[in-house]
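See structure below.
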Amino acid sequence: MILRRAVYLSLGALSLALLTGCQKEDATEEASGARAADDRVRVAMLQPPRSGLNPLTDDAFKLSRWRTAETLIRLNDDGDPQPFLATEWEQLDERSWRFEIRDNVTFHDGTPLTASQVVRALTAATRAVPRPRILDGVNMTIEADGDNAVRVTTETPDPLVPNRLSSPQLAIMAAKAYGEDGRVNPIEAGTGPFVLKEINGTQSATLDRYDDYWGERAALAGIDADYVPDGTARAAALRTGTADVVEAVPVSQVALIDPERVHEVPMPRTNTLYLNTEHGVFSDPAMRAAAREALDRAALVRTVYEGRADEAKGLLGPALAWADGLRSSIEGRSEAAAPNGARITLGTFTDRAELPEVAVLLEQQLEAAGFDVQQEVRQYAHIESDMLAGQFDAFILSRATMLDSGDPVAYMYSDFACEGSFNIAQLCDPKVDAAISRAGDLPTGPERRQAIIDAEAAILSTDAAVPMLHERVIQGESLRVQDAVRDPRERELITEHTRLDGASR
C-alpha cells in the first residue's frame, strides 16, 4: 500500500468520478446494454498527444493504432516487410530502392494517392525538426519514378529501407496536411479505413468510417478516443463501461477487473534506468556501477508488477526469442565505488502508473547502497524536454525496443549513439557507435542478430543504461469487443475488422 500512495494521490477529477462509478459493478452491463445498437467503439488512450497529432512525431502511433494513417510498408509478426500502400519493391543497387504505389487509393480529402504525394510526404519527414526517430543517422532522398512509383536513395547502403518505411512516423498524408511552417495537420488527410474528423486538444479525438477506403470496409461506424493518463481511471472506465478498449491497464488494477476483460501480451518494451554519463555523480563509471549493483530486479517484478513482467538480462527481452541465446558475459565494466551519500535526482513520469512505484522502490534500493536520492515525478509531456536535456542524474523510462523499424538497431542508435535524438544518458562512446554502426550495415539474418547482441553488450559495458525488467502489455476490452488487435509493437489497436456485438457492417 505504501508503494501505491503516490499514484492514488495523483488522481484528478476524472479519476474520482470513474472510481465512484466503479463501485457499482452493475453499471457495466447497463452501459453496455444502453449502447447495444451503437457501432462506435470508445477507446481510453494512455497518453495525450504531444504535438497535436503531428504524424512526424510520436503521435504517429496513435494515428496508426486508429488506422487513419498508413505507410508504404507494414510488418508481419516476425518483423518482415509486407505490402501496404506500396504493392512491391526492389533494390536497384546498394543505395537505391524502387517502390510501386498502390492504384485506386484516395486520401480522406478525396485526392488520389500518387507518386508525387508520396515524395512530398517522405521529403517532409526528412526535413522535419526534430526528425522522426526512424531517420536517425539516415540521409535519404525521394523522387518520383513515373506516375506510380518512387525511388528512395540513401547516402550510405541501408538494408533496412523497407523496414524504415513501415514506421508510423513515415505515414503518407494528403498534400493539404503539410503546412509551410513544417507542421502537419492529419485531419481528413490519411488513407486508412477511419477518417480523423476532430481533434479536441489533449482531451479526445473523433474518427468516422471512411466508406471509400481502398481495402475492406470498416465494421465500425467510428472511433471515439479519450486520453486518460491516469491508470486507475482507465481501469475504472473499463469496469463501468465508459470505454470499450483500454490501453495499458495498470498491474495494480488487474485484480479488480473481470479476468475475461484483461489480455496480457509479452512485448518488446524494457523498463530501464538511464544514468547521466555527461555530468554529475554518474559521469564517474564507478558510480554507475554502484547503481547497477544496487538494483534488485526480482523485488521490482514481484512487488510492483505482481509477477506480470520478466527480469531483464539485457536491453532486449523475451519478445525477441533469439536474443538470449546469443548473449555472453559483459566485459569491460567498471568496479563499483562506495556512494558515500552522493546526492542524485531520480526522475520518471506518471503516465505509466507503475513507474512512480518503481521509483519509490528503486529509491529505497539506491539509498540502501549509500546514495541520497531525490525524486522528481511529472506527466511525460511536462518532463520530456528536461529528460532529453540531461537535467536528471538518473531517469526511469519504459522504452519500446522495436517501435519503429521492427529491428532494435534504430532504438539503439536513437538512445545510445553520439548523435541519437533520444539519448537520455548523454552517452557518446566510440566503441558503442562502432558496434551500432556495424549492426546497422548488415542485412537481416543471423549475422545481423549477433551484431545486435554485440552492440547491446557494448552499451551495457558502459552502465549508461541499466535494464530492469521487460513489460507485458495489459489491454482491457469489453466483452462485446471483437477483433481488437493485441499488438506487442503498439502499432495497431482498432482496425477495419474490429467490431462490437450487435454492430452492423
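The values are calculated or read from the model by the stated rules, or taken from the named source; none is laboratory data. Note that the coordinates shown come from a computational prediction; the quantities given were computed from them, not determined experimentally. Backbone-built Cβ (ideal geometry, glycine too); neighbour counts: all protein chains shown. We work out accessible area using only protein heavy atoms, side chains counted, and drop any ligands, DNA or RNA first. Shrake-Rupley method; radii C 1.70, N 1.55, O 1.52, S 1.80 Å.
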Matching residues in segment 294-310 - criterion: being modelled with pLDDT of 95 or more, acidic (D, E) and loosely packed, with under 15 Cβ neighbours inside 10 Å: none
Residue count for segment 357-400, restricted to those that are under 23 Å from the mean Cα position of the chain (by Cα) and either polar (S, T, N, Q) or under 16 Å from L295 (Cα atoms) (or both): 11
Search result, residues across segment 276-312 that are in contact (Cβ under 8 Å) with a residue 60 or more places away in the chain and among the charged types (D, E, K, R): E278, R288, R292, E293, D296, R297, R308, D310, E311
Residue within segment 26-39 that is at pLDDT 80 or above, within 19 Å of M402 (Cα to Cα) and open to solvent by less than 70 Å² (accessible area, probe 1.4 Å) present: no
Test set (1) closer than 24 Å to R209 by Cβ; (2) open to solvent by 30 Å² or more (accessible area, probe 1.4 Å); (3) assigned to a helix (DSSP H, G or I) - S116 fails condition number: (1)
Given (1) in contact with a strand residue (DSSP E or B) (Cβ under 8 Å, 6 or more places away or on another chain); (2) open to solvent by less than 20 Å² (accessible area, probe 1.4 Å); (3) in a loop (DSSP other than H, G, I, E, B); (4) closer than 24 Å to P168 by Cα, number of the condition R489 does not satisfy: (2)
2 or more residues in contact (Cβ under 8 Å) with a residue 40 or more places away in the chain and either touching a strand residue (DSSP E or B) at 6+ places or on another chain (Cβ under 7 Å) or open to solvent by 40 Å² or more (accessible area, probe 1.4 Å) (or both): qualifying strands (runs of 3 or more DSSP E) within segment 318-419: 343-349, 394-400
Members of segment 116-163 that are at pLDDT 95 or above and of a type in the set (G, A, S): S116, A121, A124, A125, A144, A149
Hey, R67 surrounded by fewer than 20 Cβ atoms within 10 Å (Cβ to Cβ) and either over 15 Å from the mean Cα position of the chain (by Cα) or assigned to a loop (DSSP other than H, G, I, E, B) (or both) or not: no
Yes/no for G182 being part of a loop (DSSP other than H, G, I, E, B) and free of Cβ contacts under 8 Å to residues at least 40 places away in the same chain: no
Scan of segment 207-220 for residues that are buried (at least 16 other Cβ atoms within 10 Å of the Cβ) and either among the polar types (S, T, N, Q) or part of a loop (DSSP other than H, G, I, E, B) (or both), ordered by number: Y210, Y213, W214, A218, A219, L220
Complete set of residues in segment 93-113 that are more than 19 Å from Y213 (Cα to Cα) and either free of Cβ contacts under 8 Å to residues at least 40 places away in the same chain or open to solvent by 70 Å² or more (accessible area, probe 1.4 Å) (or both): D93, E94, R95
Residues (assigned to a loop (DSSP other than H, G, I, E, B), modelled with pLDDT of 85 or more and either over 23 Å from A171 (Cβ atoms) or of a type outside the set (G, A, S) (or both)) located in segment 420-447: F422, N423, I424, A425, Q426, L427, C428, D429, L442
